[in-house]
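The values are calculated or read from the model by the stated rules, or taken from the named source; none is laboratory data. Please read all numbers here as calculations on a predicted model, not as lab measurements. Heads up, the Cβs are rebuilt from the backbone with ideal geometry, glycines too, and the neighbour counts pull from every protein chain shown. Surface areas here come from the heavy atoms of the whole protein model, side chains and all, with no ligands, DNA or RNA. Shrake-Rupley method; radii C 1.70, N 1.55, O 1.52, S 1.80 Å.
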Amino acid sequence: AVEKAMSPRRKDRPQSVSAFLRLLEVAPARRVPPIVVDEETQCPEPVKPEPVSEKPRRRGLVWGVLAGIVAVIAIFLCRTNFEIEKPGDILSASSAVDLADGGETANSYIVSTSGTYKFKPVKGNSRESVGSVSSVEVLWESFGTSTTPSVGDLIKIASYSNGYILFSTPASFREGNAVIAAKNSSGEILWSWHIWLTDQPKGQTYYNNAGTMMDRNLGATTADAGDVGALGLLYQWGRKDPFLGSSSISGNTEAKSTKSWSSPVSASTSKGTVDYATENPMTFITADSSSERDWHYSSRNNDLWKSSKTIYDPCPAGWRVPDIQQRLYSRY
């Protein structure tokens, strides 16, 4: 019964508690009289079997049923945990919504309704593969407020299957931000993507010929002034991955997330690099105090962000970081 219940294929396993209990059913054992060997004869007189009490049998049957139910529950839980750990068997690439359906990839994808989504593991705004993906992980989730979300509140499950990174949201859609990372077989992060759960931003024309810009900050869940959801996320210049903003309009209290963030590190020849920043998207890199360089150790004015969208641009498809003139004019 146990072997049948643990069959690798779901269809080969019992489909209900009653089906499992039927596997446990056996005929009651008959009491066989012992063979008495006598010196005079090999044919003993027949021994009348003692009557079997019905009470122990009923008690044994009850315990058997209870044990069966417990076993079924345990097996169900084991199978459920197995599938959550290996969700590629659950999410289907064929039925998922392709977030790059228009052909434009990005480091940030906007999701506005509950569902299952997919995207190719390529570097933002390019078709360059991030490498051999072995697994994916939701690094963190946040509402951008002082409320700490539970794991799965924004991204229910994520996996890698058929050349796509797949993820699904809970049936009850909630706004916020999350980051999904692709890892190699050694568990090292190859690349990561910002999943922005909000309504579709609108274009807004600024004064002084500053051009059309998004009506909200990156990571903001609303464009309403004075709402904490309008604060959005923070970025280090040239880095594609976001950091948590404030959970308060009037203060500087970091918003809550599902994971603990790494302690900041000082920029150096080994830790002030693009490779290090890519592999450690949750680590803030401080400027080298002995020089005028920023987190990017080789140059203070790195060109990872440009007017022409690069693979490190943090914006969703159709948007890019503004030119220097646009940034200045948009402040006034």
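Computed quantities for the displayed model
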quantity	calculated
Cβ-Cβ FRET estimate between residue 22 and residue 225, R0 fixed at 45 Å, reported to 0.05	0.10
Exposure rank, largest accessible area first [194, 296; 1.4 Å]	296, 194
Stretch gain in nm, segment residue 7-residue 188, where the contour uses 0.36 nm per residue and the Cα spacing is subtracted	61.8 nm
DSSP beta bridges in the range 178-332 [antiparallel fraction, %, rounded to 5]	85
Residue-count net charge about residue 121 - beta-carbon cut-off 12 Å; Lys, Arg +1, Asp, Glu -1	+4
Extension gain, residue 298 back to residue 132 (0.36 nm per residue minus Cα-Cα distance, nm)	56.9 nm
For residue 179, distant residues with modelled amide H under 5 Å away	139, 140, 195
Mean projected area (nm²) of the alpha-carbon convex hull when the range 191-233 is viewed from all directions	4.0
Cα-Cα over 27 Å, subset of 118/240; 202/306; 118/202; 4/156; 202/309	4/156
Value in Å of the Kirkwood radius, where the range 85-163 supplies the Cα pairs that are averaged	14.1
Placed amide H near residue 114: partners under 5 Å, 5+ positions off or other chain	173
Residues listed by number, the range 295-319, amide nitrogen under 20 Å from residue 120 label point at 7 Å toward C-beta	309-319
HN-Hα J in Hz across the range 244-253 - Karplus 6.51, -1.76, 1.60, θ = phi - 60°, x for Gly and Pro	5, x, 7, 9, 9, 5, 9, x, 10, 9
Largest-first ordering by accessible area, 1.4 Å probe, given options 22, 320	22, 320
Estimated distance in nm for a label pair at residue 95 and residue 150, the labels positioned 7 Å out from Cα along Cα-to-Cβ	2.4
Long-range HN-HN contacts of residue 166 with modeled amide H, under 5 Å	159, 160, 161
Semi-axis lengths (Å, descending) of the ellipsoid that matches the C-alpha gyration tensor of the range 193-285	27, 18, 12
Potential lengthening between residue 200 and residue 254 on full extension [0.36 nm per residue; Cα-Cα distance subtracted]	16.9 nm
Paired Rg and Dmax values of the range 115-230, which use every Cα atom, in angstrom	16.3, 51
Accessible-area ranking of 243, 119, 173, largest first, probe 1.4 Å	173, 243, 119
